[in-house]
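The values are calculated or read from the model by the stated rules, or taken from the named source; none is laboratory data. It should be emphasised that the depicted structure is a prediction, and the values quoted were computed from it without experimental measurement. Every residue, glycine among them, receives a Cβ derived from its backbone with ideal geometry; neighbour counts consider all protein chains shown. Please note that ligands, DNA and RNA were not included when accessible areas were found on the heavy atoms of the full protein model with its side chains. Shrake-Rupley method; radii C 1.70, N 1.55, O 1.52, S 1.80 Å.
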Amino acid sequence: MPTITALRAARGTVAVELDGVPWRTLPPAAVLEADLAVGTELDRARARALARVVRRQRAEGVALRALARHDRSRASLDARLARAGVAAPERADVLTRAERSGLVDDARFAATRARQLAERGAGDLLVLADLARQGIDEHLAREAVATLDAEVDRVAEIVGRRGASPQTLRYLASRGFAEESLEALVADIESRALG
């Protein structure tokens with residue numbers, strides 16, 4: 001069996017020597033978790049355990065960097081981990097742990113994302129479509145949309161800023177506002193046209 005003959009700090013990692021020959025550099029946390037020490041034999045079982053620890057820690061690092069930038073849904077974090085080459089078992093483990101710790105919460109994500117989109121002038125249909133693209137369950141998406149100001153009130157606010165015109169109507173329709181929410185604007189535009 002190869003034996004660990006040296007563990008040396010090397011630029012934020014630990015250089016491991018087996019039988020006096022440089023072998024690998026590992027994250028310090030992996031060395032600690034795998035309980036590596038000078039004189040330890042690196043048998044198959046210990047090598048497999050070490051490989052699992054390294055894969056898991058790499059997956060956690062990818063997830064934490066992704067979540068440090070902004071909140072993500074479970075599905076979008078899963079996709080990010082997959083793009084980084086993290087295997088399905090490690091992804092499932094990291095996602096479960098992230099949900100358990102509160103780092104990933106689809107209900108919170110859906111509510112925040114719906115509010116952000118509505119503040120930028122999005123209608124309910126656009127918000128629902130965006131949340132579906134983010135992998136949010138339809139039930140959670142509808143709950144998030146239900147917490148927003150009424151769509152007709154948001155239409156009135158936008159019409160107040162932009163004016164009641166065919167251009168505003170097209171803008172609102174393109175932003176995912178439902179026909180029912182636009183009826184008052186359509187009636188106003190038609191009555192002025194008939195004048």
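For region 144-167, enumerate the residues that are over 33 Å from the mean Cα position of the chain (by Cα) and among the hydroxyl-bearing types (Ser, Thr, Tyr).
To start, the set of residues in region 144-167 that are over 33 Å from the mean Cα position of the chain (by Cα) comprises 159-167.
The one that is over 33 Å from the mean Cα position of the chain (by Cα) and among the hydroxyl-bearing types (Ser, Thr, Tyr): 165.
Of the residues making up region 38-90, those that are open to solvent by 60 Å² or more (accessible area, probe 1.4 Å) and under 30 Å from residue 116 (Cα atoms) are 64, 65, 68, 69, 70, 74, 80, 83.
Here is the figure for region 17-37: residues that are of a type in the set (Phe, Trp, Tyr) and either exposed (fewer than 14 other Cβ atoms within 10 Å of the Cβ) or farther than 18 Å from residue 5 by Cα (or both) total 0.
Scanning region 91-116 for residues that are in a loop (DSSP other than H, G, I, E, B), open to solvent by 50 Å² or more (accessible area, probe 1.4 Å) and not acidic (Asp, Glu) turns up just one, 103.
Just need a number here: residues in region 149-179 that are at positive phi and loosely packed, with under 11 Cβ neighbours inside 10 Å. Don't jump to the end; show me each part of the working.
Step one: filter region 149-179 for residues at positive phi, giving 163, 176.
Filter once more, so that each one left must be loosely packed, with under 11 Cβ neighbours inside 10 Å: 163.
Of the residues in region 149-179, 1 are at positive phi and loosely packed, with under 11 Cβ neighbours inside 10 Å.
In region 1-16, the residue that is surrounded by the fewest Cβ atoms within 10 Å (Cβ to Cβ) out of those that are hydrophobic (A, V, I, L, M, F, W, C) and in a strand (DSSP E or B) is 9. Among the residues of region 131-148, those that are out of contact with any helix residue (DSSP H, G or I) (no Cβ under 6 Å at 6 or more places or on another chain) and surrounded by 12 or more Cβ atoms within 10 Å (Cβ to Cβ) comprise 132, 137, 142, 143.
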